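Below is one structure, written out as structure tokens; comments come after it.
Readers should treat all values here as calculations from the given coordinates under stated rules, not as data from a laboratory. The structure presented is a predicted model; accordingly, all values stated were derived computationally and were not measured.
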Amino acid sequence: MSLLTHYSEWIEAGCDEAGRGCLAGPVVAGAVILKKGADYPELNDSKKLTERKRMQLRDLIMNEAEAYGIGIVTAQEIDEINILNASFLAMHRALDQLVVRPEFLLVDGNRFNPYRDLKHVCIVGGDAKYQAIAAASILAKTTRDMLMAEYAMQYPEYHWDKNKGYPTPEHKQAIADHGTTPLHRMTFNMAIQLKLDL
């Protein structure tokens, strides 16, 4: 019997993060407990959905999920503890917000720092395999995208409303031209990143 089969009747929360590979902005995580027996065929890896569909599903998740939480870790915190630990911390913060206590965690990826005394399983590509993880992915992605759009109004020259802080040629050129901001992650090797596409 597999671990997932053994715990299939437990209250499970899906966890995922967004923004791990960015040069700027926070890493954001979602945690979602879907109602038992609920089936949402449209839930999928947030990166495979259009922005409009993600926003529609965000509303669906927030209205119909048994519980959900969103965790945010700032660029300054990322610099202090590194991006891997920041991703785990964001998921822990999302789990802290759940009004229903899960009994088992489904985590996207291959590594995770245990959360309290809860059992968990890591699943590579889990956001395309489990609806609870897909739901968490959508909450994380849409929340982060909205934050980056707000930050883009403060720092329009970086075009974060389009690139979301990822290391696009346009973003790298803006760093070369204007330097960094308080929202940039300074522990990422900017010199190496800037050489990639310029």
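With a ≥ b ≥ c the root eigenvalues of the C-alpha gyration tensor of region 1-157, is it rounded (a/c under 1.5), prolate (a/b larger than b/c) or oblate?
Oblate, because a/c is 1.5 or more while a/b does not exceed b/c.
When we measure straight from the Cα of Lys129, which aspartates and glutamates land under 18 angstrom away, once same-chain ones fewer than 8 places off are left out?
Straight-line reach from Lys129, under 18 Å: Glu9, Glu12, Asp16, Glu17, Asp39, Glu42, Asp45, Asp108.
Where in the chain are the DSSP H helices whose C-alpha atoms run 24 Å or more along the long axis and whose mean Kyte hydropathy is at least -0.5?
Correct list, ordered by number: 131-154.
Count the DSSP beta bridges whose two residues both fall in the chain, then state the antiparallel fraction as a percent rounded to the nearest 5.
60 percent
Is there a pair in Lys141/Lys172; Lys47/Lys162; Lys141/Lys162 whose C-alpha atoms are over 18 Å apart, and which pairs would that be?
From the list (Lys141/Lys172; Lys47/Lys162; Lys141/Lys162), the Cα-Cα distance tops 18 Å for Lys141/Lys172.
GNM on the chain, C-alpha springs below 10 Å: top fluctuator among Asp39, Asp96, Asp127?
Asp39
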